[in-house]
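This report refers to the structure that appears directly beneath it.
The values are calculated or read from the model by the stated rules, or taken from the named source; none is laboratory data. Owing to the predicted nature of the structure, the values given are computational and were not obtained by experimental measurement. Here the Cβ positions follow ideal geometry from the backbone for every residue, glycine too, while neighbour counts run over all protein chains shown.
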Amino acid sequence: MADIRPFCGIRPAEEYASRVAALPYDVYSRREAYAQAAKDRMSFLNIDRPETQFGEDIDMYAPEVYQKADEMLRERIAQGIFRQDETDSFYLYEQTMNGRVQTGLVACASIDDYGNGVIRRHENTRAEKEADRIRHVDACSAQTGPIFLTYRKDSRIEDVTQKTKQAPAVFDFTAEDGIRHRGWRITEESDIAAIGRAFSEIGSIYIADGHHRAASAVRVGLQRREEHPDYTGEEEFNYFLSVLFPDDELVIMDYNRVVKDLNGLTEEEFLEKVQEKFFLAVCDGRVKPQEKGTITMYLAERWYRLTVREEYRSKDPVQGLDVSVLQNELLAPVLGIGDPKEDPRIDFVGGIRGLSELERRVRTDCAVAFAMYPTSTAELFAVADAGLLMPPKSTWFEPKLRSGLFIHAFER
């Protein structure tokens, strides 16, 4: 069963929270990170992407870069920008986007649960992407970016959540993008115990977003165990920072595809190939897919609706995903996209950017775009429960969790 624990969080003082909070480190290219960090030196992006404190000729993976992250974090704690709570607490993190509210429990999850399958995954991780965060977490002896977890809704946790939100928030601000962020601290022993009991009876929790951050945090925790062979299991390095959301509050957005060329086919030849496995209809203007099994396609200034033929549907948790059907029945055999993780001819566009971005890409540097029906939370659970993996870029979550609002420190 899930081992979810409170911790002594390091948090920005309320008056600094809005300036500290930053989007995740990995949403920025290197050039974008430099530009964004320079806008406000208090932004946590300066710590999350410490190469921004050096010239652009620095090796962003050099030891002194990660050491700089640690130095800045300690300096800001000493300056009172960040403060550490003196007693273990759970926290709530609420986000409101376009009128939709989601509230997660900020807590620490167990590295053992990651290893024994209580925490379930649906994506592979890449060693080179893990390496950067391993160095960052290790240098700071802290997890600074939470892992986005989800679980099947539990009324006991919901009761504590609703009770806690009656009190004043410890931070409350609206970011430049219009998303509101609020937080609360849970300190009553009875509430802490109730949450712990509820999770101890929940069989599985799931990584929604942050597979590389989770893998990196676990690796550092295991490394600390090797460095401290007398560890008891109670040390903070045995746990990693997480925000856990009930499944009924999450919305998975579409993750769309654009392809650079038609693999040598004319538009007419390509449309003929499409119709071998999909029913094809011309749309009256810009249209998003309205149900599973449908894809809309933008080609030569025209939108089409593709509906997969029955014989190419599958009940397999992975092969039945719309992104799998598109890959297996069209991208690979017709457009020659064998490995979408490596092929430079394909790119991925998060649904938050809308269909207009797909049109723009086709008018500038691509030949065709595919708008997907979003993967559902139930599909995510089914894949993870089966011990399987989704194709790359199957899910897009919004809003993104901000870094710097909650930090979990552990033993050096």
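Given (1) among the polar types (S, T, N, Q); (2) modelled with pLDDT of 95 or more; (3) touching a strand residue (DSSP E or B) at 6+ places or on another chain (Cβ under 9 Å), identify the lone condition not met by residue 79.
(3)
With 87, 125, 164 as the choices, which residue is under 22 Å from residue 26 (Cα atoms) and either more than 20 Å from the chain's Cα centre (by Cα) or surrounded by 13 or more Cβ atoms within 10 Å (Cβ to Cβ) (or both)?
125
Residue 334 - would you say it is surrounded by fewer than 22 Cβ atoms within 10 Å (Cβ to Cβ), of a type in the set (Val, Ile, Thr) and either assigned to a loop (DSSP other than H, G, I, E, B) or not assigned by TED's automatic domain parsing to the domain that holds residue 213 (or both)?
For residue 334, the condition - surrounded by fewer than 22 Cβ atoms within 10 Å (Cβ to Cβ), of a type in the set (Val, Ile, Thr) and either assigned to a loop (DSSP other than H, G, I, E, B) or not assigned by TED's automatic domain parsing to the domain that holds residue 213 (or both) - is met.
I'd like to know if region 53-65 contains one or more residues that are part of a helix (DSSP H, G or I), assigned by TED's automatic domain parsing to the domain that holds residue 206 and in contact with an Asp or Glu (Cβ under 6 Å, 6 or more places away or on another chain).
Scanning region 53-65, I find at least one residue that is part of a helix (DSSP H, G or I), assigned by TED's automatic domain parsing to the domain that holds residue 206 and in contact with an Asp or Glu (Cβ under 6 Å, 6 or more places away or on another chain), so the answer is yes.
Here is a list of conditions, (1) assigned to a loop (DSSP other than H, G, I, E, B); (2) β-branched (Val, Ile, Thr); (3) over 30 Å from residue 323 (Cα atoms), and residue 137 meets all of them except one; can you say which number that is?
The failed condition is (1).
Condition first: surrounded by fewer than 21 Cβ atoms within 10 Å (Cβ to Cβ) and either closer than 24 Å to residue 400 by Cβ or of a type outside the set (A, V, I, L, M, F, W, C) (or both). Now tell me which residues in region 199-208 satisfy that.
Residues satisfying the conditions are 200, 201, 203, 204.
Name the residue, out of 378, 409, that is without any contact (Cβ under 8 Å) to a residue 12 or more places away in the chain, under 30 Å from residue 108 (Cβ atoms) and not basic (Lys, Arg).
Answer to the selection: 378.
Cβ-Cβ distance below 8 Å, separation of 6 or more or different chains: which pairs start in region 216-228 with a residue that is over 24 Å from residue 26 (Cα atoms) and in contact (Cβ under 8 Å) with a residue 24 or more places away in the chain and end on one that is of a type outside the set (Val, Ile, Thr) and surrounded by fewer than 16 Cβ atoms within 10 Å (Cβ to Cβ)?
What qualifies is 224/231; 224/235; 224/411; 228/235; 228/411.
Does residue 405 satisfy the condition of being assigned by TED's automatic domain parsing to the domain that holds residue 208 and buried (at least 23 other Cβ atoms within 10 Å of the Cβ)?
yes
How many residues are in a helix (DSSP H, G or I) and surrounded by fewer than 22 Cβ atoms within 10 Å (Cβ to Cβ) when one looks only at region 221-237?
Selection size over region 221-237: 7.
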